[in-house]
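Beneath this line is the structure, given in structure tokens, with notes to follow.
The values are calculated or read from the model by the stated rules, or taken from the named source; none is laboratory data. All values reported here derive from a predicted model rather than from experimental measurement. Cβ placement follows ideal geometry from the backbone for every residue including glycine, while neighbour counts extend to all protein chains displayed.
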Amino acid sequence: MPADDKPPARRAILVLGMHRSGTSAITRVLSLLGADLPTELLEPVPGVNETGFWESARLVSIHDRMLAAAGSAWDDPREFPATFFQTPTGASFRDEILRVLEEDFSESSLFVIKDPRICRFVPFWTGILQSFGSEPLPLLLNRNPLEIAASLARRDGFESSKSLILWLRHVLDMERATRELQRTFMDYEGLLQDWQSAVEGASEDLGLAWPRSLDEVSGEVESFLSPSLRHHSSSASDMNADPEVGPWVREAFEALLQ
């Protein structure tokens, strides 16, 4: 194999998806397959995510401070101002994130990063990962937006209309920002129904060989992906019948499925 064709020494799976879309579930599955997790994880929250979030507590804190510094928040449906990253304040957050990556993944050849907030500023993150010497490999997770709205109504008391526009903002931003990258799409329903096919498809799309075989992790994954992970269920017909679901939401959901 010519030197230029060698795979990169370090690869980063960037799990992207709206809050409550199953990003925690797929991140845990990826870690069982051998992708390294951050060292300091968010603690599980009873009644919200009992099995864990599997994301870096330090990165979530940085992202929340960064959003606030830009006059935004995780539930702000407006586009994040890209010019923010050209300011000294924006650059300081970049340096903070690079320090976390160095501390957590300097010895990793394959690791996974997950925080739904990243959907709002994917180019910022892919640039950081490239500066860290790693190839960003986005995994875009899709879930029925009515299920997400029901989950956010339970957790945060959000109106369905707010949750649906938040979903649209997150998925459109993440799709547009990853078009030039090697990426994969996954459906939460498909992950729960046939996780092996889901991760095999991701492996093929991303050009990855999982460090641990599917047979090796089968028991752990199937024990983790229990029916209790899913608190809300909605169908395509439910979406079509719901007057809160506008045509843009329906079209985006169908496009992601395809």
Worksheet entry | Sole residue being buried (at least 16 other Cβ atoms within 10 Å of the Cβ) and out of contact with any strand residue (DSSP E or B) (no Cβ under 7 Å at 6 or more places or on another chain), chosen from Glu147, Glu135, Glu107 | Glu147
Response to the item:
Expected output for segment 207-226 (first residue closer than 22 Å to Ser109 by Cβ and surrounded by 13 or more Cβ atoms within 10 Å (Cβ to Cβ), partner at pLDDT 95 or above and of a type in the set (S, T, N, Q), Cβ below 7 Å, 6+ apart or cross-chain) is Trp210/Ser203; Leu214/Gln196
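Just to be sure, is Phe84 out of contact with any Lys or Arg (no Cβ under 9 Å at 6 or more places or on another chain) and either surrounded by fewer than 14 Cβ atoms within 10 Å (Cβ to Cβ) or closer than 29 Å to Leu164 by Cα (or both)? Show your work before the answer.
Numbers: out of contact with any Lys or Arg (no Cβ under 9 Å at 6 or more places or on another chain): yes; either surrounded by fewer than 14 Cβ atoms within 10 Å (Cβ to Cβ) or closer than 29 Å to Leu164 by Cα (or both): yes.
Judged against the criteria, Phe84 is a match.
Could you grab me the full set of residues in segment 60-82 that are assigned to a helix (DSSP H, G or I) and either touching a helix residue (DSSP H, G or I) at 6+ places or on another chain (Cβ under 6 Å) or at pLDDT below 95 (or both)?
Narrowing segment 60-82 to residues assigned to a helix (DSSP H, G or I): 60-69, 82.
Those that are assigned to a helix (DSSP H, G or I) and either touching a helix residue (DSSP H, G or I) at 6+ places or on another chain (Cβ under 6 Å) or at pLDDT below 95 (or both): Ile62, His63, Met66, Ala69, Ala82.
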Fill in: Number of positions in segment 150-161 that are in contact (Cβ under 8 Å) with a residue 24 or more places away in the chain and either within 25 Å of Thr178 (Cα to Cα) or surrounded by fewer than 16 Cβ atoms within 10 Å (Cβ to Cβ) (or both)
4
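Give Leu166, Leu141 a once-over and let me know the one that is touching a residue at least 40 places away in the same chain (Cβ under 8 Å), under 16 Å from the mean Cα position of the chain (by Cα) and part of a helix (DSSP H, G or I). Lay out the reasoning, then the answer.
Values: Leu141 fails: part of a helix (DSSP H, G or I).
Selected residue: Leu166, the only one of Leu166, Leu141 that is touching a residue at least 40 places away in the same chain (Cβ under 8 Å), under 16 Å from the mean Cα position of the chain (by Cα) and part of a helix (DSSP H, G or I).
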Worksheet, complete the sentence: Contact list, first residue from segment 119-135 and closer than 22 Å to Ser72 by Cβ, second anywhere and surrounded by fewer than 16 Cβ atoms within 10 Å (Cβ to Cβ), beta-carbon distance below 7 Å, six or more apart or interchain, is Thr126/Leu181; Ile128/Leu98
Worksheet item: Taking Arg169 and the conditions (1) under 25 Å from Gln258 (Cα atoms); (2) modelled with pLDDT under 95; (3) among the charged types (D, E, K, R), which numbered condition does it fall short on, given that it satisfies the others?
Response: (2)
Worksheet, complete the sentence: If we ask which residues in segment 170-192 are charged (D, E, K, R), surrounded by fewer than 19 Cβ atoms within 10 Å (Cβ to Cβ) and in a helix (DSSP H, G or I), their number turns out to be 2
Practice prompt. Tell me which residues, restricted to segment 79-115, are free of Cβ contacts under 8 Å to residues at least 12 places away in the same chain and of a type outside the set (Ser, Thr, Tyr).
Written response: Pro81, Gln86, Pro88, Ala91, Asp95, Arg99, Glu107
